[in-house]
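Please read the structure below before turning to the comments.
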Amino acid sequence: MNAKPCSASVALKTTHVLPPDTNQYGTLFGGKLMAHLDDIGAIAAVKHANSPVVTASTDSVDFLAPVKGGHYISIEAFVTWTHHTSMEVFIRAITEDIRTGTRTACTTAFMTFVAIDESGKPIEVPPVYPETDDEKMLHESAPLRASRRADRKKQSKQLAESFGTVYRTEK
């Protein structure tokens with residue numbers, strides 16, 4: 001498989017934050033923003049893999065500033081690193097006050113997607129290579145994030161096994 005640059009997977013989305021998207025404080029629901037992140041992250045992963053993808057993990061979603069109703073939110077995503085069938089995607093969101101043009105970085109996130117075939121089985125993805133200094137920084141630090149993801153997944157599996165499938169209220 002031929003390697004692709006990070007820039008080949010760039011996906012952008014801009015949306016207007018409307019009243020139904022906001023909470024009682026007039027800011028965007030975190031879950032609504034997370035849905036936007038998952039959507040645009042998946043698009044970036046599909047562009048890289050040229051195949052359907054599924055979300056494997058969300059490393060972090062850091063809410064750095066509120067997104068107010070009536071503002072725009074622009075979200076950018078691109079593949080930063082690959083491993084056999086998975087792709088790490090960096091996602092950032094910028095909120096913009098439409099009256100003043102003031103922009104604020106409001107969210108960053110790392111998500112992992114797995115490429116799948118028609119039957120839902122994981123398939124190999126092409127390698128990715130960085131071109132800019134920022135892409136190189138993200139690419140070089142990706143193996144550490146991947147190791148942390150693997151450790152966290154082990155812990156999650158242990159918790160799931162420990163708690164089982166019976167609710168505490170069931171006898």
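The values are calculated or read from the model by the stated rules, or taken from the named source; none is laboratory data. Everything numeric here is computed off the predicted structure, so don't read it as measured data. When we count neighbours, we look across all protein chains shown, and the Cβ atoms used for this are built from the backbone with ideal geometry, even at glycine.
Observations on the structure shown:
- Test: residue in the range 1-14 that is of a type in the set (Lys, Arg), within 25 Å of ARG99 (Cα to Cα), modelled with pLDDT of 95 or more and out of contact with any Lys or Arg (no Cβ under 6 Å at 6 or more places or on another chain): yes
- Counted residues, the range 55-73 - those being under 30 Å from ILE123 (Cα atoms) and touching a helix residue (DSSP H, G or I) at 6+ places or on another chain (Cβ under 8 Å): 5
- Residues located in the range 109-164, provided they are buried (at least 17 other Cβ atoms within 10 Å of the Cβ), outside any helix (DSSP H, G or I) and either of a type in the set (D, E, K, R) or touching a His at 6+ places or on another chain (Cβ under 8 Å) (or both): VAL125, PRO126, VAL128, PRO130
- Scanning the range 92-108 for residues that are surrounded by fewer than 23 Cβ atoms within 10 Å (Cβ to Cβ) and among the aliphatic types (A, V, I, L, M) turns up ILE94, ILE98, ALA105.
- Selected residue [in contact (Cβ under 8 Å) with a residue 12 or more places away in the chain and more than 10 Å from GLY69 (Cα to Cα)] from LEU33, LEU18: LEU33
- Applying the condition of being in contact with a Phe, Trp or Tyr (Cβ under 7 Å, 6 or more places away or on another chain) and of a type outside the set (Asp, Glu) to the range 45-76 and asking which residue is nearest to GLY26 (Cα to Cα) yields SER60.
- Close Cβ contacts (under 8 Å, 6 or more residues apart or on different chains) running from residues in the range 36-58 that are farther than 19 Å from LYS13 by Cβ to residues that are at pLDDT below 95 and buried (at least 16 other Cβ atoms within 10 Å of the Cβ) comprise SER57/ARG149.
- Scanning the range 67-87 for residues that are aliphatic (A, V, I, L, M) and in a strand (DSSP E or B) yields ILE73, ILE75, ALA77, VAL79, MET87.
- Search result, residues across the range 97-108 that are farther than 30 Å from PRO127 by Cβ and either part of a strand (DSSP E or B) or of a type in the set (D, E, K, R) (or both): ASP97, ARG99, ARG103, THR104, CYS106
- Among (1) in contact (Cβ under 8 Å) with a residue 24 or more places away in the chain; (2) under 20 Å from VAL128 (Cβ atoms), the one test that ALA65 misses: (2)
- Filtering LYS47, LYS32 for residues that are more than 10 Å from the chain's Cα centre (by Cα) and farther than 29 Å from HIS84 by Cα leaves a single hit, LYS32.
- Residue in the range 88-96 that is of a type in the set (Lys, Arg), closer than 21 Å to ALA8 by Cβ and assigned to a helix (DSSP H, G or I) present: no
- Note on the range 2-56: residues that are of a type in the set (S, T, N, Q), surrounded by 17 or more Cβ atoms within 10 Å (Cβ to Cβ) and part of a helix (DSSP H, G or I) total 1.
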